[in-house]
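J.: There's a structure below that I have some questions on.
The values are calculated or read from the model by the stated rules, or taken from the named source; none is laboratory data. Since this is a predicted model, take the numbers as computed values, not measurements. Cβ placement follows ideal geometry from the backbone for every residue including glycine, while neighbour counts extend to all protein chains displayed.
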Amino acid sequence: MELLVPTVSPVTLIQLTGEFLQYALVFFVLAVVAAVFGARGVAGVSMTIAKWLVIAFLVLALVSLLL
């Protein structure tokens, strides 16, 4: 009886699905809505989260393109 072990290449571990950009867009819209209603603290935190998600997407995109 043979055991079949699936092999996974490092390239398939990092895939660009666009989820980072979707979440970044959601937090950006939340920040704009919060700013319109005067919740400056929520707007600032939402923009910070959106910024880091875009940075994470760009880094992962660069890594996946180089591999």
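J.: Can you report the number of residues in the stretch 52-67 which are under 16 Å from Y23 (Cα atoms) and either touching a Leu at 6+ places or on another chain (Cβ under 8 Å) or touching a residue at least 24 places away in the same chain (Cβ under 8 Å) (or both)?
T.: Qualifying residue count for the region: 6.
J.: Still on this structure, I have one more. Check every one of the helices (runs of 4 or more DSSP H) wholly within the stretch 7-67 and list those with 1 or more residues that are surrounded by 11 or more Cβ atoms within 10 Å (Cβ to Cβ), at pLDDT 85 or above and in contact with a Lys or Arg (Cβ under 7 Å, 6 or more places away or on another chain).
T.: none
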